[in-house]
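Below is one structure; the comments refer to it alone.
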Amino acid sequence: MIRHPAFEVEPWAVRECHLHADVLAQTESVFALSNGLIGLRGNLDEGEPYGLPGTYLNSFYELRPLPYAEAGYGYPESGQTVVNVTNGKLIRLLVDDEPFDVRYGTLHSHERVLDLRAGTLTRMVHWSSPTGATVRVTSTRLVSFTHRAVAAVRYEVEAVDQPLSVVVQSELVANETVPPVADPRAAAALEAPLVLEENVAARDCACVMVHSTRASRLRVAAGMRHEIDGPDGTHVECDGQGDVSRVTVATRLKPGERLRLDKFFAYGWSAKRSRPAMHDQVVAALAAARLTGWEGLRDEQRAFLDDYWAGADVEVEGDSEVQQAVRFGLFHLLQAGARLERQPIPSKGLTGSGYDGHAFWDTESFVLPVAIYTYPRAAADALRWRLSILPLAQARAEQLGLRGAAFPWRTINGEECSGYWPAGTAAFHVNADIAAAVTRYVDATEDTGFEREVGLPLLVATARLWSALGHHDAEGRYRIDGVTGPDEYSAVADNNVYTNLMAQRNLHAAATVAVRHFDQAQELGVTLEETATWRDAAAAMHLPYDERLGVHEQSEGFTGHARWDFAATRPDQYPLLLHFPYFDLYRKQVVKQADLVLAMHLCGESFTPEQKARNFAYYEALTVRDSSLSAATQALLAAEVGQLDLAYAYLGEAALVDLRDLNRNTRDGVHMASLAGAWIALVGGFGGMRAREGRVRFAPRLPSGITRLTFRVRYRGRLLRVDIAQDGTTYRLLHGDPITVTHHGEELSLSERPQTRRNPPPPFPDLTVRQPPGRAPVPRRPGDLSTDVACPPEHPDGEP
């Protein structure tokens, strides 16, 4: 956990003023750069020291065996793990024959800045070697949003106070040593996973290496080219052997003189293309990058981000830490999906190897709702990836004896690789989550072509699954038994309300879209009789309700279980799954993460305001938040039922999960869904935004710690700006045709003139809400921040 203020608080950057070796792995995740296809962890240029080396390509993986004490029918036989591919970030430096290494000599100053508007990571170092040779090193790194396969580094070395001999070694290195993996079988599969096929260093110092994986049979090519600017007499040579290609630049610098190296490196990867084709693809990408040049890449990066922020920015006044965090989150969400090109968004993006690089249901339920209203192209690409793996999902359903499609709980290539079926295979709600993302995207964009070509087959296949999983009981209710909802402390339960409501929406949407595109639906074998069965099932969906308590049951019988003994649970026994058997958790009233509360968020029209308040109070007392997915949903519902300060506390927890390493696992990569949750809590919670069936509604209210909240959203070809103050809200149409929105139920017509309305007081002033003992969120006190300062200047002697 980051126990000291590692990062300065400022609105448009994440700045580290000093190198903290104890949180190096965490900062590598925070400072990671990506464009959705290529991901570079924020490792130091020279490669050492490191927490976790990482260069990742979307959907580039190796297969590994899945361990079972006892095998069973339908268990996945192999898993997939993201591979750390050829490292192109490496630039080593020798100063008068001494390697530049921050662990030796004197580190006078060290600063790194992730610029959220420029899309760059800049590092500035002032260092003296053990023999007293002093240099300043500045590097700026980017992964291009406009060149899909390209990354680049500008690296500058300056002699400070005496003539120096300087050697810079720019490298491509494959099969780097990485920290050990706990599972020895996985470790064996991932030890030196890349098999060399080619290593070419041309006379003009263009270097290309091609490797392949042993089991997954994927091929990757990496190449680099350089532009070098140094004093007369600068010498350049290159060589390549084994898993290393190297360009060496040697020169002598006078005090104040600089050596500058612009490094362009590119990747190509495929399961089908030949070695020569991959080689040529990388050479072509490098040629385009050199033609654009470093300044061109930098300017294109800034222009791309200017356009993004114009439609996605969120402004928070009164809490500078949350302001920084929500922009940090939006930046990483963009990085995860900017150039997705029909690939998944993993739960860690391409910032680390956590969860083996897998994609889960939280992409559709947390990440895509943000993308749909800020950068919809990413959402469309992610859902096209789901369509591309539909045949595998249909095969999985057939293996399980079901119709339709059973999408994997966790995957890279589309095959299920969850070895624990109660919290994997049984969590069928992932299929309805995909369907919900489809309907949300089409509603927000009116993209009928997408609905017909992508949405229809996904909706039909998932609706058929619910027809196969459910049945009508003797009372005519439609039941879905033996499934697992979002709460992973309950499993294989009957009629989970979240699952049933999401399935209900899925069935309705499939029937509606199939009729709208009936010719295409008939090609999928859909009949009017089948759509009628979907509507009948949706209309009769069973939603368990405890009349005695006046609350919905998370699943049938849940409120009759014994309550977890929270008073006897020590603080060090959280998360509970690491200290108690699942058998005990499954039969008690204890909630790992929002489940029924998430149902009220995503299917809010199915509950009355009074039901939401009672349900929220009941489940708040049971929810321990042993998952980072929970806080954002609890923030949104807390705001809706009038618990604004509680919502504000949960906002801080969701927003700061990585900048403060609250879950002690940021080293494995940032938490994409929780970062999306900061936007959800602000826009959906305090902005009260809900959009469905062509209508966008707002119900804004602010907590005392936020004086003003402004956000922009894209909806049906319009760009809206919502400006919320404590006493009122102003709505503006920035682009597009006139539109009608609602403010706390009142319809407003937006065209050229803004509309302002007062914010009513919060509802349910007498509602009492409590959390389990010791599990309340930390209250937000933005005025207490001690890190909202600039990096200190160097002292004359160079010591900070």
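Just give me the residues in segment 92-106 being assigned to a loop (DSSP other than H, G, I, E, B) and either crowded, with 18+ Cβ neighbours inside 10 Å or on the phi > 0 side of the Ramachandran plot (or both), in sequence order.
Of everything in segment 92-106, those that are assigned to a loop (DSSP other than H, G, I, E, B) and either crowded, with 18+ Cβ neighbours inside 10 Å or on the phi > 0 side of the Ramachandran plot (or both) turn out to be Asp96, Asp97, Phe100, Asp101, Gly105.
Which residues, counting only those in segment 429-481, are touching a strand residue (DSSP E or B) at 6+ places or on another chain (Cβ under 6 Å) and part of a loop (DSSP other than H, G, I, E, B)?
The answer is Asp473, and nothing else.
Kindly establish whether Gln335 is at pLDDT 95 or above and within 12 Å of the chain's Cα centre (by Cα).
Yes: the conditions hold for Gln335.
In segment 351-383, which residue that is out of contact with any Leu (no Cβ under 8 Å at 6 or more places or on another chain) and part of a loop (DSSP other than H, G, I, E, B) is nearest to Ser59 (Cα to Cα)?
Only one residue tops the list, namely His358.
For Thr527, which of the numbered conditions (1) crowded, with 21+ Cβ neighbours inside 10 Å; (2) closer than 23 Å to Gly401 by Cα fails to hold?
Failed condition: (1).
Which of (1) outside any helix (DSSP H, G or I); (2) open to solvent by 10 Å² or more (accessible area, probe 1.4 Å); (3) charged (D, E, K, R) is the odd one out, the single condition Asp658 does not satisfy?
It fails just one condition, (2).
Any idea which of Asp319, Asp306 is crowded, with 20+ Cβ neighbours inside 10 Å and either touching a Pro at 6+ places or on another chain (Cβ under 9 Å) or over 18 Å from Gly677 (Cα atoms) (or both)?
So the residue among Asp319, Asp306 that is crowded, with 20+ Cβ neighbours inside 10 Å and either touching a Pro at 6+ places or on another chain (Cβ under 9 Å) or over 18 Å from Gly677 (Cα atoms) (or both) is Asp319.
State which residue pairs qualify: first residue of a type in the set (Val, Ile, Thr) and inside segment 752-767, second residue modelled with pLDDT of 95 or more in any location, beta carbons under 6 Å apart, and separation of 6 or more residues or different chains.
Hits for this filter: Thr756/Gly728; Thr756/Thr730.
If you scan segment 58-91, which residues turn out to be of a type in the set (Ser, Thr, Tyr), touching a residue at least 60 places away in the same chain (Cβ under 8 Å) and open to solvent by 10 Å² or more (accessible area, probe 1.4 Å)?
Ser59, Tyr61, Tyr68, Tyr75, Ser78
Residue check, Pro700 against (1) in a loop (DSSP other than H, G, I, E, B); (2) surrounded by fewer than 24 Cβ atoms within 10 Å (Cβ to Cβ), all met but one. Which one?
Exception for Pro700: condition (2).
Does segment 40-57 contain at least one residue that is in a loop (DSSP other than H, G, I, E, B), on the phi > 0 side of the Ramachandran plot and either without any contact (Cβ under 8 Å) to a residue 40 or more places away in the chain or touching a helix residue (DSSP H, G or I) at 6+ places or on another chain (Cβ under 8 Å) (or both)?
No, segment 40-57 contains no residue that is in a loop (DSSP other than H, G, I, E, B), on the phi > 0 side of the Ramachandran plot and either without any contact (Cβ under 8 Å) to a residue 40 or more places away in the chain or touching a helix residue (DSSP H, G or I) at 6+ places or on another chain (Cβ under 8 Å) (or both).
Is it true that some residue in segment 574-583 is open to solvent by less than 20 Å² (accessible area, probe 1.4 Å), closer than 16 Å to Gly685 by Cβ and of a type outside the set (Phe, Trp, Tyr)?
no
Quickly run through segment 419-433 and pick out the residues that are more than 11 Å from Arg505 (Cα to Cα) and either of a type outside the set (Ser, Thr, Tyr) or open to solvent by less than 10 Å² (accessible area, probe 1.4 Å) (or both).
Gly419, Trp421, Pro422, Ala423, Gly424, Ala426, Ala427, Phe428, His429, Val430, Asn431
Only strands (runs of 3 or more DSSP E) wholly contained in segment 226-276 count here; list those with 3 or more residues that are crowded, with 20+ Cβ neighbours inside 10 Å and at negative phi.
It comes to 244-253, 258-270.
Inspect all residues belonging to segment 333-348 and state whether any of them is part of a helix (DSSP H, G or I), open to solvent by 10 Å² or more (accessible area, probe 1.4 Å), of a type in the set (D, E, K, R) and touching a Leu at 6+ places or on another chain (Cβ under 8 Å). Give the steps one after another, and end with the answer.
The initial filter retains those residues of segment 333-348 that are part of a helix (DSSP H, G or I), namely 333-337.
After this cut, where a residue has to be open to solvent by 10 Å² or more (accessible area, probe 1.4 Å) as well, the list is 333.
With of a type in the set (D, E, K, R) added as a condition, the list becomes none.
No, segment 333-348 contains no residue that is part of a helix (DSSP H, G or I), open to solvent by 10 Å² or more (accessible area, probe 1.4 Å), of a type in the set (D, E, K, R) and touching a Leu at 6+ places or on another chain (Cβ under 8 Å).
Any idea which of Ala511, Ala538 is open to solvent by less than 70 Å² (accessible area, probe 1.4 Å), outside any loop (DSSP other than H, G, I, E, B) and touching a residue at least 60 places away in the same chain (Cβ under 8 Å)?
None of the others qualify; the one that does is Ala538.
The values are calculated or read from the model by the stated rules, or taken from the named source; none is laboratory data. Just so it is clear, the model here is predicted, and its values are computed rather than measured. Virtual Cβ from ideal backbone geometry, glycine too; neighbours counted across all protein chains shown. Surface accessibility is based on the protein's heavy atoms, side chains included, excluding ligands, DNA and RNA. Shrake-Rupley method; radii C 1.70, N 1.55, O 1.52, S 1.80 Å.
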